[in-house]
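Data block below; observations after.
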Amino acid sequence: MLEIRDLHVKFHTRDREAVGGVSLTIGDGEILGLVGESGSGKSVTAMSVAGLLPRKQCDYSGEVLLDGVELLHADRNVLRGVQGKDLGVVFQEPMSAMDPLMKIGPQVEEALLVHTDLSRQERRKRALEALDQAELPDPEGVYGKYPHELSGGMLQRSMIAAAIISRPKLLLLDEPTTALDVTIQAQILALLKKLNAEFGMSMLFISHNLNVVRKLCPRVAVMQRGLLVEEGETEDVFHRPQNDYTKRLIASIPTRERREEP
């Protein structure tokens, strides 16, 4: 499915590499969690996979293969053929990621407009189906609303609907629950599990919240300062961490017995 081989990324404005030789694989239907503190290189890794790396602003090397198709050095036409079709992306801030001047329906349909010859009626039907699969109440009503008319949770579901409408092979989820309250967060995680079970979509789930990753991802990789410092089955990493940084990350998780200190 996805194979990242020795990925290096260094921005021209930085002294050190943002990503320093990361290698990862995600199998068919697998959910991999990628965790680490801010600045660890998680999002840059995801940008490299999604073809969103600002190439003129950085030096990069390695390979990113999606079902054997190399994406890191691919021509823009190749990337456009993959983005939205084989690869869906859900961003952290739906309010800033969605066009405030466009209604939800056309934004959900966009991948179909780019990658298919479906009629307007067929695209609308598929968009309503995707909104329903994202468990949005009243898909017809949501279809005709603007982003500012929806709550944060409904917007995030709308972004998920847009990402899954083409039944992509891989979903990239970059901190998709960070801006949501705990109740909505749990609902989004349940939805992602359902989509994975029903459609077999592979997922790369990026988060700094280890508890969230533990609930969703059977396998986890830990990044620190651009390096992959630990990888394994999630429960093994949580109960028997090998790296000192991973141990500190786990020790920092608030519990009922250990409240956060100032």
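Brief remarks follow.
- Neighbourhood net charge (11 Å Cβ-Cβ; Lys/Arg +1, Asp/Glu -1) for residue 1: -4
- Residue by residue, region 124-131 carries 3J(HN,Hα) couplings of 4, 4, 5, 5, 5, 5, 5, 4 Hz when phi is fed to the Karplus relation 6.51 cos²θ - 1.76 cosθ + 1.60 (θ = phi - 60°); x denotes Gly or Pro.
- Mean accessible surface per residue for the chain, computed with a 1.4 Å probe while every protein chain stays in place, in Å²: 50 Å²
- Per-residue surface analysis assigns residue 235 an accessible area of about 80 Å², computed on protein heavy atoms at 1.4 Å probe radius.
- Cβ-defined net charge surrounding residue 94, 15 Å radius [Lys, Arg +1; Asp, Glu -1]: -4
- Modelled label positions at residue 12 and residue 198, each set 7 Å beyond Cα in the direction of Cβ, lie 4.6 nm from each other.
- Accessible-area ranking of 102, 203, largest first, probe 1.4 Å: 102, 203
- Note on exposure: 177, 116 ranked by accessible area (1.4 Å probe, complete protein assembly) read 116, 177, with the most exposed listed first.
- Under the Karplus curve 6.51 cos²θ - 1.76 cosθ + 1.60, θ = phi - 60°, whole-Hz ³J(HN,Hα) for region 90-106, x wherever Gly or Pro sits: 10, 8, 6, 10, x, 5, 8, 7, 9, 6, x, 9, 10, 5, 4, x, x
- Hits among lysines - C-alpha to C-alpha of residue 103 under 18 Å, sequence gap 8 or more where chains match: 125, 145
- Sorting 61, 96 by accessible area puts them as 96, 61; the probe is 1.4 Å, largest comes first, and only protein heavy atoms count.
- When you count the other C-beta atoms within 10 angstrom of each residue and take the mean per peptide, 23-35, 180-192 line up highest first as 23-35, 180-192.
- In terms of its C-alpha gyration tensor, the chain comes out oblate, because a/c is 1.5 or above while a/b does not outweigh b/c.
- Highest-fluctuation residue, 53, 118, 136 considered, GNM on the chain with Cα pairs under 10 Å: 118
- Between residue 116 and residue 250, the distance separating the two model label sites (each 7 Å from Cα on the Cα→Cβ line) works out to 4.4 nm.
- Projected label points at residue 74 and residue 242, each 7 Å from Cα along the beta carbon direction, are separated by 3.2 nanometres.
- Radius 11 Å from Cβ of residue 70, net charge of other residues (Lys, Arg +1; Asp, Glu -1): -3
- Reported to the nearest whole Å, the Cα centre-to-centre distance from region 100-135 to region 1-66 is 30.
- Cα point-scatterer Debye curve for region 106-257, base-10 log of I(q)/I(0) at q = 0.15, 0.19 Å⁻¹: -0.84, -1.15
- Lysines whose Cα lies under 17 Å from that of residue 85, excluding same-chain neighbours fewer than 8 positions away: 169
- The chain, dipole about Cα centre (Lys/Arg Cβ +1, Asp/Glu Cβ -1), debye to the nearest 20: 280 debye
- Three-way shape call for region 131-181 based on the alpha-carbon gyration tensor, with the a/c threshold at 1.5: oblate
The values are calculated or read from the model by the stated rules, or taken from the named source; none is laboratory data. This is a predicted model, so every value here is computed, not measured. Every residue, glycine among them, receives a Cβ derived from its backbone with ideal geometry; neighbour counts consider all protein chains shown. With ligands, DNA and RNA removed, areas are computed over all heavy atoms of the protein, side chains included. Shrake-Rupley method; radii C 1.70, N 1.55, O 1.52, S 1.80 Å.
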